[in-house]
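Data first, discussion second: the structure below is written as structure tokens.
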Amino acid sequence: MRHTAVRRGAPGSAVRRAALLIALSLAAPAAAAAQAPVTDTIAEARRLDDSRSFGAAEALLRSYLRNHPDNGDAASLLAHTLYWLRRPAEARVVYEAALLRHPEDITLRLDYGRMLMDTNDRDRARELLAPMSGSRESRGRAEALLGTLSYWGGDYTTAVRLFRDALRADSSQREARRQLAEILTLTAPWARIATALRHDDQTLDRIGGDVQAGWYATPLLALSARVRPMQFRLGDTVTRTLTLAELGFSDFAPSARLETEMSAGMLQRSYGSSSDWVGRLVLGFRLPQQLTLRVRAEREPYLYTLASLSTPVMTQTLATTLDLNGSRGWLGQAAAQSERYPDANSVTTGYAWLLAPLLYGPSGELQVGYSVSAQNASQSRFELAQTSQPFAPGDPRYSTLGVYAPYYTPSNLFAQSVLAAFALRSSSGTEFRASGAFGVRATDDAPGFQVVSVASPPSTTVERTFQRRVFTPWNVRGSLAATLSEGWRLDIAGEYAHTAFYTAVTTSVQLTYRFVAAAKRRAERY
């Protein structure tokens, strides 16, 4: 019986072993099949992304996530795909939902933070990235992105610190090193020498020099010194000289979004009162939407008429400007200004202009726009050119020609102009710019003199009169900037302008050296 029992059990065990082997052989492919879709789907979606088949990648990932909503890699890749499809709002919804399911996913946070940076939601980007600063898991990547945010916001001091921290954690981060080198290069000490020539049809000629040097105490605080000697020729014989010397600084406080610029100095003349002081203060507040509100107070010499180079004139200016420096080539400015003169007269100015990009890219841009401006003086300083004459008013030989003395005073001037600007850049660092404005409508009250006779009692006087005038102001500018070698930059510029007052041509040449080699060596230490 025992032997028989053993014989009966053997076949049953063989059957069970066979069944187990069959089950195992079927289970192995099934288990592999259960894992394969995850890997294969994401790999295929990445391949579609790389081949720029974003629509196909989106359809594949959405289908997969309907059945596997907890897969963070698939959700992150879908959000990335939607961003490349230029649907950032939908990408943001996917990212936020994935973060709720995977709040500790470092890669997800970094990817989402990068997208928020690119779409200018910098506050939310900082909120996501700041908790990861100093984390071993992120290996400095969070610091690199936060450094980029500070760099874009103009906070160079914080950006330098964060980029250094990022490179200490992972020295292979080339983008962080590149941006650190850019900041250190931009804030390297510099020296500049320039000369400029100006001629107008009064006739007044000016040749000037300009020597400057600057040093950054911090990446945001710059100190500078400047000396500007100038020589003027009035007509063919008379010359005048003037020298300006100034010290200045500029700073930016990121937390207050406050720009500060201040300079002060002395001038020395070869005519009139020999010395005087000059000063300038500018406060700027950086607003949202890439706008900056600036207030400027300035005391400087007026040097634009023949008479002002015999009778010294110092102006006090108070101005407010709103500047637009938008993304992709949008530029604009609106301003209101008041200039006070020593004789208690004042000139008020208001203007606004806007340039819109027609073409925009890394190699250059083409912009067109429009401007309006208005100017008016409280009192006219248009005087007889010959105040003392051997002939009486009414005599045909009596001259009623007039000049502005000692400074130009516009009267109810209003102008509208079309604008155009063009820029072309090369990979070698050379940049050519050209711009121009053409007045489509411009009017003012042009001053003149007429002889008036009175019958009783008989007398003859000369009176200033104003006549409405239509004129066409215009100007063209051009500049060429070239990188000669590491640290050396050459700038050449010229302008031709026709205004209600004069026609003038200006040319300038400027050579700048920045100590960039030392800055790059500092960046490579990390």
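The values are calculated or read from the model by the stated rules, or taken from the named source; none is laboratory data. Since the structure is predicted, the reported quantities are computational estimates derived from the model, not experimental observations. Cβ: placed from backbone, ideal geometry, glycine included. Neighbour counts: every protein chain shown.
Structural remarks
- Pick from the stretch 412-422, criterion at negative phi and surrounded by fewer than 18 Cβ atoms within 10 Å (Cβ to Cβ), ranking: farthest from the chain's Cα centre (by Cα): Phe414
- Inspection of the stretch 135-157 identifies at least one residue that is touching a helix residue (DSSP H, G or I) at 6+ places or on another chain (Cβ under 6 Å), closer than 26 Å to Arg92 by Cα and surrounded by fewer than 18 Cβ atoms within 10 Å (Cβ to Cβ).
- Hey, Arg101 exposed (fewer than 14 other Cβ atoms within 10 Å of the Cβ) and assigned by TED's automatic domain parsing to the domain that holds Gly134 or not: yes
- Flag for Gln367 being among the polar types (S, T, N, Q), more than 29 Å from Thr465 (Cα to Cα) and either in the same structural domain as Ser435 (by TED's automatic domain parsing) or touching an Asp or Glu at 6+ places or on another chain (Cβ under 7 Å) (or both): yes
- Any hit, the stretch 3-20, residues being modelled with pLDDT of 50 or more and among the basic types (Lys, Arg): no
- Selection within the stretch 51-85 - surrounded by 19 or more Cβ atoms within 10 Å (Cβ to Cβ), hydroxyl-bearing (Ser, Thr, Tyr) and under 22 Å from Arg114 (Cβ atoms): Ser76, Thr81, Tyr83
- Gly394 falls short on exactly one of the conditions (1) surrounded by fewer than 12 Cβ atoms within 10 Å (Cβ to Cβ); (2) farther than 30 Å from Gly332 by Cβ, and that condition is (1).
- Test: residue in the stretch 362-373 that is touching a residue at least 40 places away in the same chain (Cβ under 8 Å), among the small types (Gly, Ala, Ser) and assigned to a loop (DSSP other than H, G, I, E, B): yes
- Scan the stretch 251-306 for residues that are crowded, with 17+ Cβ neighbours inside 10 Å and either among the hydrophobic types (A, V, I, L, M, F, W, C) or in contact with a Gly (Cβ under 6 Å, 6 or more places away or on another chain) (or both) and the total you get is 9.
- Among all positions in the stretch 188-200, there is at least one residue which is of a type in the set (S, T, N, Q), surrounded by fewer than 19 Cβ atoms within 10 Å (Cβ to Cβ), under 27 Å from the mean Cα position of the chain (by Cα) and within 28 Å of Gln510 (Cα to Cα).
- Pro342 surrounded by 17 or more Cβ atoms within 10 Å (Cβ to Cβ) and part of a loop (DSSP other than H, G, I, E, B): no
- Checklist (1) in a strand (DSSP E or B); (2) loosely packed, with under 15 Cβ neighbours inside 10 Å; (3) free of Cβ contacts under 8 Å to residues at least 24 places away in the same chain applied to Thr241, failing item: (3)
- Among the candidates Ser380, Ser327, residue that is hydroxyl-bearing (Ser, Thr, Tyr) and either more than 16 Å from the chain's Cα centre (by Cα) or modelled with pLDDT of 95 or more (or both): Ser380
- Entry remark, the stretch 397-411: residues being surrounded by fewer than 16 Cβ atoms within 10 Å (Cβ to Cβ) and either under 33 Å from the mean Cα position of the chain (by Cα) or hydrophobic (A, V, I, L, M, F, W, C) (or both) number 1 in total.
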